[in-house]
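Heads up, the thing below is written out as structure tokens.
Only the coordinates and a few stated rules stand behind these numbers; no lab work does. Nothing here was measured: the structure is a model prediction, and the numbers come from that model. Here the Cβ positions follow ideal geometry from the backbone for every residue, glycine too, while neighbour counts run over all protein chains shown.
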Amino acid sequence: MTDPVSIGNARAKQAELQYADTVEEAVAGSELVLLLTEWDEFVGLDPEVVGPLVTERRILDGRNALDPSRWRAAGWTYRALGRGKG
């Protein structure tokens, strides 16, 4: 988990969880990426750059903030809350 604004507070309250200081560190080796905030560092991710960092190119866009066609074109399985598979 990473969040550029709340990570300090989260660490203080839930020290037993694992935290990452960068997006790259957070997604490294992941089988699924969850986008749950609209911070620029997340919405502006390049799916081609992030792809080699994960073990499975799967993303769940919980904010409907990403361009589905861009992520799918980069080989990702893209799903978003409230959207169909199309």
Taking amide hydrogens as modeled 1.01 Å from N in the peptide plane, which residues meet the under 5 Å criterion relative to Thr2, leaving out close sequence neighbours? Ala20
Once you have the Cα-Cα distance between Asp21 and Ala73, take 0.36 nm times their residue separation minus that, and quote the gain in nm to one decimal. 15.9 nm
Phi-based couplings in Hz for segment 33-43 (Karplus 6.51, -1.76, 1.60; Gly and Pro marked x): 10, 10, 9, 10, 8, 9, 4, 3, 5, 9, 5
Given +1 on the Cβ of Lys and Arg, -1 on the Cβ of Asp and Glu, and no further charges, what dipole in debye does the chain carry about its Cα centre, rounded to the nearest 20? 480 debye
Which Cα, out of Gln14, Gly44, Ala74, lies furthest along the positive dipole direction of the chain (beta carbon charges, K/R +1, D/E -1)? Ala74
Ranked by how many other beta carbons lie within 10 Å on average, peptides 26-33, 10-17 from highest: 26-33, 10-17
Calculate, for Leu81 and Ser30, the FRET efficiency according to 1/(1 + (r/R0)^6) with r their C-beta to C-beta distance and R0 25 Å; round to the nearest 0.05. 0.85
Estimated 222 nm signal from helices in the chain, with DSSP H stretches of n ≥ 4 weighted -39500 (n - 2.57), rounded to 500: -6000 deg cm²/dmol
